[in-house]
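Everything below concerns the one structure shown next.
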Amino acid sequence: MSMLLGTRKLAFLSLLMALTVVLIILSGVLEFNTLFLLALASFGAGIAYREGGLGIGFGFFAGSLILGALLAPNKFYLITYGAMTLYLIVSEFAYDKLYIVKSITVRNKVLWLVKYILFNLIFISILLLAPKLIFPGEINFKVQLFIIAGGQIVLFLYDKGYRYFQGNIWEKVRRKLKLNE
């Protein structure tokens, strides 16, 4: 994809970044919906990647992190948002690179392997370096194993939710916004 964007797409991505930052801010205000709002916010970077490529996706990611750091009441949630968004951008990039693999079955298996390795690098690093971001209580080895197993389920649900969003919801919205023109 070209690094150049049309004015319609650029205007849309600017509004999308504003919405993403609002969702990040709301995640700190509406504490009962934090993960849902952060996941929804991270979908914005996935849209930016699909609409403009890797450079635009990372630019969107960096811009939303900077604005989030300036405006969000709970700065720690930016770590979660950053991890979720990094996961989406790298998995989209891996998908693009694996497109050359002829067998869909092999491509999907390798893609999920990349996704699980990436997720676990991010997730286990956070669990070991900043465990209070994941679990407020004392974390012993058995709790860590339980959290890691639960994380795999959360990853699967998050990824399936993102794929559903991109394939069903975003494609319809994209057509109505006429972003492909």
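The values are calculated or read from the model by the stated rules, or taken from the named source; none is laboratory data. In this text the structure is predicted, and so the values were computed from the model without any measurement. Glycine also receives a Cβ, built like all others from the backbone with ideal geometry; neighbour counts cover every protein chain displayed. Surface accessibility is based on the protein's heavy atoms, side chains included, excluding ligands, DNA and RNA. Shrake-Rupley method; radii C 1.70, N 1.55, O 1.52, S 1.80 Å.
General observations
For (1) in contact with a strand residue (DSSP E or B) (Cβ under 8 Å, 6 or more places away or on another chain); (2) under 27 Å from Gly52 (Cα atoms); (3) at pLDDT 95 or above, each residue gets a yes or a no:
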position	(1), (2), (3)
Phe93	no, yes, yes
Ser103	no, yes, no
Leu127	no, no, no
Leu133	no, no, no
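- Residues that are open to solvent by less than 30 Å² (accessible area, probe 1.4 Å) and hydrophobic (A, V, I, L, M, F, W, C), drawn from region 99-117: Leu111
- Some residue of region 85-96 being assigned to a helix (DSSP H, G or I), open to solvent by less than 50 Å² (accessible area, probe 1.4 Å) and farther than 15 Å from Tyr162 by Cβ: no
- Of all residues in region 120-138, exactly one satisfies the criterion of being outside any helix (DSSP H, G or I), free of Cβ contacts under 8 Å to residues at least 12 places away in the same chain and open to solvent by less than 60 Å² (accessible area, probe 1.4 Å), namely Gly137.
- Any chance Phe141 is open to solvent by 80 Å² or more (accessible area, probe 1.4 Å) and farther than 17 Å from Leu40 by Cα: yes
- For region 101-115, the set of residues classified as of a type in the set (Val, Ile, Thr) and in a helix (DSSP H, G or I) consists of Ile104, Thr105, Val106, Val110, Val114, listed by residue number.
- One residue stands out in region 57-84 among those that are under 14 Å from the mean Cα position of the chain (by Cα) and over 22 Å from Leu10 (Cβ atoms): the one that is most open to solvent (accessible area, probe 1.4 Å), namely Ile79.
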